[in-house]
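One structure is given below, encoded as structure tokens.
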Amino acid sequence: MLSWQNQIFGEDALQGLARIPDGSVDLLLADPPYGLGKDYGNDSDKLEMSAYLRWTEEWIDAALPKLKPNGSLYIFLTWRYSPEIFVMLKQRMIMLNEIIWDRRVPSMGGGTRRYSSVHDTVGFFALGKDHYFDLDAIRIPYDVETKKARSRSIFVGAKWLELGYNPKDVWSVSRLHREHREREDHPTQKPLEIIERMIKASCPPGGVVLDPFMGSGTTAVAARRCGRNFVGFELNPEYCTLIAQRLAQLDVTSEAPASV
């Protein structure tokens, strides 16, 4: 393991990315500020539109060289800026999917002059057509009734029937409400279920995941749970402490003896 792996650096990714050798990362997983004015303990989410898009292009150009030739990128975005950023990325990478994360937000009012926004947009991009993608690692098992219905001889022993189906591009996973067992003190924490799916599919075992905006550290926790290495950056020292605590707790849990 290299000295920069499995580290969270408490610094701006734009400066810190120089620590990471070019062509050394399997997966770039980015959940940047959305440009919506959220409070992350600093002004990182308070840029006006043109400045936000310039900043986005700057960090993208700094981060992409770190990917291996068969590496890929997942980027979380708001619908407000995803069109511009998708065009930006399509000039540099191959776009594979637009994934819609349905946050399962209950209907509780909202605006009266437009529809309520209850999703995040995720872009899935790759540097090349030979990008790493392990579909079998993320297949969703069919239920018993579905398997019984596929009883014709042509289905017997079919890999897709035994292992499950390819996840679709709409992911319905509940946001982390305040009482959720995963929830930490972070305004835009992502569920482990989503991040682990991305890592299992797009980073080989023992590979490296780079997250330029670690936040609550879900990428680091997911990488360790999935047997991958990680590296990331986080400006807020309180979040850096939180990440260290989450990783330490994960280590304690994994070392605990099994109950009998």
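What the table below lists for this structure:
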{"read-out": "Over 19 Å [Cα-Cα, the range 147-239], rounded percent", "value": "55 percent"}
{"read-out": "Rounded if a/c under 1.5, otherwise prolate or oblate - the range 48-189, Cα gyration tensor axes", "value": "oblate"}
{"read-out": "Long-range amide H partners of Tyr34 with built H, under 5 Å", "value": "none"}
{"read-out": "Cα gyration tensor shape for the range 6-103, rounded if a/c is under 1.5, else prolate or oblate", "value": "oblate"}
{"read-out": "Cut-off of 10 Å, at most 11 other beta carbons, DSSP loop: longest stretch of the chain lacking such trypsin sites (Lys or Arg not before Pro)", "value": "1-112"}
{"read-out": "Cα-centre dipole for the chain with unit charges at Cβ (Lys and Arg positive, Asp and Glu negative), debye to 20", "value": "1060 debye"}
{"read-out": "Cα gyration tensor shape for the chain, rounded if a/c is under 1.5, else prolate or oblate", "value": "rounded"}
{"read-out": "About the Cα centre, charge dipole magnitude for the range 119-210 (Lys/Arg +1, Asp/Glu -1 at Cβ), debye", "value": "380 debye"}
{"read-out": "Residue-wise HN-Hα coupling along the range 81-87, computed from phi with Karplus coefficients 6.51, -1.76, 1.60 (Hz; x: Gly, Pro)", "value": "10, 4, x, 5, 6, 4, 4"}
{"read-out": "Cα lying deepest toward the dipole's positive end in the range 83-207, options Thr112, Leu135, His186, charges on Cβ", "value": "Thr112"}
{"read-out": "Computed magnitude of the charge dipole of the range 1-154 (debye, nearest 20; Cβ of K, R +1, Cβ of D, E -1)", "value": "760 debye"}
{"read-out": "Order of Met198, Met214 under a 10 Å beta carbon neighbour criterion, fewest first", "value": "Met198, Met214"}
{"read-out": "Rounded to 5, percent antiparallel among DSSP beta bridges of the chain", "value": "45 percent"}
{"read-out": "Karplus 3J(HN,Hα) series, Hz, for the range 46-59 with 6.51 cos²θ - 1.76 cosθ + 1.60 (x for Gly, Pro)", "value": "10, 8, 6, 3, 5, 5, 4, 5, 5, 4, 4, 5, 5, 6"}
{"read-out": "Subset of Lys46/Lys129; Lys66/Lys200; Lys90/Lys200; Lys68/Lys90; Lys148/Lys190 violating a 27 Å alpha-carbon distance limit", "value": "Lys46/Lys129; Lys148/Lys190"}
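Any read-out appearing in this document is the output of simple, stated calculations on the displayed coordinates, not a laboratory observation. This structure is a prediction, so every number in the text was calculated from the model and none was measured. Positions of Cβ are backbone-derived with ideal geometry, glycine not excepted, and every protein chain shown enters the neighbour counts.
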